[in-house]
Amino acid sequence: MSTSAVTSSWNRVGSVPPTGLTDARLQLHHAAQIAVSAAISYVAARPDDSHTALTWIGTLRALATEPITATHRFRIALRMEDLTLHVLDEKRVQTRSFALPGHTVAEATVWLREVLAQAALDPRRFTERKHYTIPPHPVAAGAVFSLAGGAEFRELADYWSNAAGVLASIAQATDGAGPVRTWPHHFDIATLISLPGGGRTIGVGQSPGDDSYAQPYWYVGPNPYPPVAGLPPLAGSGHWHTQGWVGAALPASDYVSATDQRSQVAAFIDSAVAACRTLLGA
């Protein structure tokens with residue numbers, strides 16, 4: 001059995017149908033951009049854009065920015081299941097909070113500016129501009145965030161928690177694997193495996209849903225893309241996605257009914273990574 005199956009914890013998912021998470025996912029995606037504004041404004045830019053990336057903090061079930069250095073070091077975090085922004089100190093202790101439900105992006109940004117001002121950061125450097133676009137949602141046009149029953153947000157937090165554990169195990173056990181990060185553009189959580197010799201990589205991650213699949217899904221993507229003819233079979237009910245991008249995919253609806261969800265996901269990942277290594281000549 002794979003390292004990803006043995007060493008990672010798992011919360012069973014599927015209590016909310018995977019295709020019923022779109023609105024919660026979009027709200028979270030837009031909420032995360034508020035935190036990312038602080039990172040883009042005050043964390044030194046890196047060529048790989050990782051200064052904008054978010055890290056899953058399992059004890060808080062939250063996504064947090066890179067540390068911001070001012071009069072003190074702190075992070076801005078988004079706790080998923082209650083749609084709340086937090087200021088975390090160096091020990092990850094919450095020092096201030098702002099609950100998004102019932103409030104707008106503009107109101108949350110006013111709160112964020114106050115946090116940054118208290119840290120004596122230059123307000124002229126603050127920007128909400130991003131070098132990417134994300135899918136639209138009414139909150140981007142002034143609507144208030146809504147937690148509703150909250151089940152969808154708790155479910156997505158479980159998806160992130162599961163992915164963070166599996167990917168951390170893969171990153172620890174795999175030569176060439178990079179840090180596990182959530183990327184604010186596509187909102188996926190992933191690690192990138194760099195193969196020997198350079199120029200070839202395998203991305204392993206989970207998306208909460210996008211234009212390819214309107215539900216959470218696991219993916220394993222080779223770079224450069226291989227020819228689509230003759231792609232090898234995959235374990236764990238996975239299949240090859242070939243429209244727009246080429247990679248192995250496992251939508252949540254294909255594994256949530258499994259008795260052992262984690263083992264099925266691990267079998268898919270193991271077979272897909274092995275297939276990608278072969279396709280890339282590694």
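For the reader, a short list of remarks on this structure follows.
- Every listed requirement among (1) in contact with a helix residue (DSSP H, G or I) (Cβ under 8 Å, 6 or more places away or on another chain); (2) surrounded by fewer than 20 Cβ atoms within 10 Å (Cβ to Cβ); (3) in contact (Cβ under 8 Å) with a residue 12 or more places away in the chain is met by residue 236 save one, (2).
- Selection count, the range 116-131, where residues are in contact (Cβ under 8 Å) with a residue 60 or more places away in the chain and surrounded by 14 or more Cβ atoms within 10 Å (Cβ to Cβ): 5
- Selection from the range 39-75 of residues that are among the basic types (Lys, Arg), within 18 Å of residue 184 (Cα to Cα) and free of Cβ contacts under 8 Å to residues at least 60 places away in the same chain: 46, 75
- Considering (1) closer than 28 Å to residue 19 by Cβ; (2) in a helix (DSSP H, G or I); (3) of a type in the set (Ser, Thr, Tyr), the lone condition that residue 132 does not fulfil carries the number (2).
- Unique match (being within 20 Å of residue 208 (Cβ to Cβ) and either of a type outside the set (Asp, Glu) or out of contact with any helix residue (DSSP H, G or I) (no Cβ under 6 Å at 6 or more places or on another chain) (or both)) among 112, 63: 63
- Looking only at the range 41-77, and only at residues there that are of a type in the set (Val, Ile, Thr) and within 13 Å of residue 183 (Cα to Cα), the one that is surrounded by the fewest Cβ atoms within 10 Å (Cβ to Cβ): 55
- The residue of the range 172-191 that is surrounded by the fewest Cβ atoms within 10 Å (Cβ to Cβ), among those that are part of a loop (DSSP other than H, G, I, E, B) and within 14 Å of the chain's Cα centre (by Cα), is 179.
- Selection of strands (runs of 3 or more DSSP E) fully inside the range 1-110 by the criterion of at least 2 residues being under 30 Å from residue 173 (Cα atoms) and either modelled with pLDDT of 95 or more or within 16 Å of the chain's Cα centre (by Cα) (or both) returns 55-57, 62-64, 73-79.
- Scope the range 134-168; condition within 27 Å of residue 198 (Cα to Cα) and either at pLDDT below 95 or surrounded by 22 or more Cβ atoms within 10 Å (Cβ to Cβ) (or both); matching residues: 163, 164, 166, 167
- Test: residue in the range 155-171 that is assigned to a loop (DSSP other than H, G, I, E, B) and not assigned by TED's automatic domain parsing to the domain that holds residue 114: no
- When residues of the range 192-251 are limited to those that are assigned to a loop (DSSP other than H, G, I, E, B) and β-branched (Val, Ile, Thr), the one modelled with the lowest pLDDT: 228
- Residue list for the range 76-90, restricted to those being under 20 Å from residue 118 (Cα atoms) and either free of Cβ contacts under 8 Å to residues at least 24 places away in the same chain or among the basic types (Lys, Arg) (or both): 84, 89, 90
- Residue 104 touching a residue at least 40 places away in the same chain (Cβ under 8 Å) and exposed (fewer than 12 other Cβ atoms within 10 Å of the Cβ): no
The values are calculated or read from the model by the stated rules, or taken from the named source; none is laboratory data. Everything numeric here is computed off the predicted structure, so don't read it as measured data. In this analysis, Cβ positions are derived from the backbone assuming ideal geometry, glycine residues included, and neighbour counts consider all displayed protein chains.
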